[in-house]
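What follows is one structure encoded as structure tokens, with my remarks underneath.
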Amino acid sequence: MLLGLFRPSKRPFTSLSEQEILAIAIAAEEDDSRIYLAYADILRSNYPESAKVFEDMAEVEDTHRKTLIDMHQRRFGDRIPLIRREHVRGFYERKPDWLRKNLSLDSIREEAEAMEQQAYHFYVEAAKQVSDASTRQLLGDLALAEQGHEDIARLLGDKHTPETVKHEEDAQARRQFVLTYVQPGLAGLMDGSVSTLAPIFAAAFATQQTWQTFLVGLSASVGAGISMGFTEAAHDDGKISGRGSPIKRGLACGIMTALGGLGHALPYLIPHFWTATITAAVVVFFELWAIAFIQNKYMETPFLRAAFQVVLGGSLVLGAGILIGNV
């Protein structure tokens, strides 16, 4: 029973056989084709030209699927193993249809670019893992085809959104920076800043002792940083998703988690209780607004929505900590 608790829920990509690689590629192409058709249905009324592009992309994905099935039949027969993307580490999760209905054109374009980028990384890594020459060539050709899809998806944005198009190298560098450092770092900062509020302020008001409160904050921050760092690093090796080195992402997430908690724990090194508590509260105020600013700048979350989510959530956790500490 204990072994079942620690058994990984997803397989590493390197454990797949060549038949399983073909099987997951077939399933992925079928899923992506259906997703593009769903995007076309969403856009058809307001953006008919964009809808036509997605219909064409869906048709291409279906052609890829048929080509992969032909290769599987030649090498392994008609019985295709049941293995999908959600069974393997590193793939982006695909949203169900009911979560796509209200997406804007910009959001759809961004998701399409992410899908094609992931498909490209998948085929590149898959080609390295197979030994059969014909299969390797097919996977390499599909990788190049997925790169072509990225250009089509990017063209949608150029045509339908009134914004200056950046150079491809700059856009790729910024996207990689966000995926490798900003996303995991922001997740860590949010977790460290918000989740440690309750235990630190509960300990502060329960004990009225600054040193004991500091020790609680230090242990909570360091523990959360270690946990979040290992979780981020183990969750995705970055090869298929293109999110970069798991070590870099784990360090970014873990360090920012620890810093988020230490920000309002360090003031309790001040020996006077109320001076330390007021200082910590001021630090919390700036931490929460900094998180909202980062979400707006790098994740393109509307500032008011980001501020409402982060500041309101943090305030509720802070209030809970103070209330529990006074019980």
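The values are calculated or read from the model by the stated rules, or taken from the named source; none is laboratory data. All values reported here derive from a predicted model rather than from experimental measurement. Backbone-built Cβ (ideal geometry, glycine too); neighbour counts: all protein chains shown. Note: accessible area is taken over every heavy atom of the protein model, side chains too, but ligands, DNA and RNA are not part of it. Shrake-Rupley method; radii C 1.70, N 1.55, O 1.52, S 1.80 Å.
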Next on the checklist: Assuming a strict under-23 Å limit between Cα atoms, what lysine pair count do you get for the chain once near-sequence pairs (fewer than 8 apart, same chain) are dropped?
Outcome noted: 15
Checklist outcome for this item: Length gained, Gln209-Phe286, 0.36 nm per residue minus C-alpha separation, equals 25.3 nm
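Excluding the sites themselves, what is the longest stretch of the chain that contains no trypsin sites (Lys or Arg not before Pro) in a DSSP loop with at most 11 other C-beta atoms within 10 Å? Each step should come with its number before you reach the end.
Numbers: sites that count: Arg79, Lys101, Lys166.
Answer - 167-327.
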Checklist entry - In deg cm²/dmol and to the nearest 500, what is the mean residue ellipticity at 222 nm of the chain if only DSSP H runs of at least 4 residues count, each as -39500 (n - 2.57), divided by the residue total? => result -25000 deg cm²/dmol
Checklist entry - Taking 0.36 nm per residue of separation and subtracting the Cα-Cα distance, what length does fully extending Leu269 through Tyr298 add? => result 7.1 nm
Checklist outcome for this item: For segment 35-45, in residue order, the Karplus 3J(HN,Hα) values (coefficients 6.51, -1.76, 1.60; θ = phi - 60°; whole Hz; Gly and Pro = x) are 5, 5, 5, 5, 4, 4, 5, 5, 8, 4, 6
Checklist entry - Which whole-number percent is the relative contact order of the chain (Cα, under 8 Å, 6+ apart)? => result 16 percent
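Keeping the other protein chains in place, figure out the carbon and sulfur percent of the accessible area of segment 237-314, with a 1.4 Å probe.
Its accessible area is 77 percent carbon and sulfur atoms.
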Checklist entry - Solvent-accessible area per residue for the chain at a 1.4 Å probe radius, Å²? => result 53 Å²
Item to check | Of [x] 60, 54, 38; [y] 76, 53, 34; [z] 117, 52, 37, the label for Cα extents along the principal axes in Å derived from the coordinates | outcome: [y]
Checklist entry - What is the distance, in nm, between label points placed 7 Å from the Cα along the Cα-to-Cβ direction at His87 and at Arg11? => result 0.6 nm
Next on the checklist: What distance in nm separates the two pseudo spin-label positions at Ser245 and Arg79, each 7 Å out from Cα along the beta-carbon direction?
Outcome noted: 4.4 nm
Checklist outcome for this item: Non-local residues with an amide H under 5 Å from the amide H of Val88, with H modelled 1.01 Å from N and Pro and chain starts lacking one, are Arg11
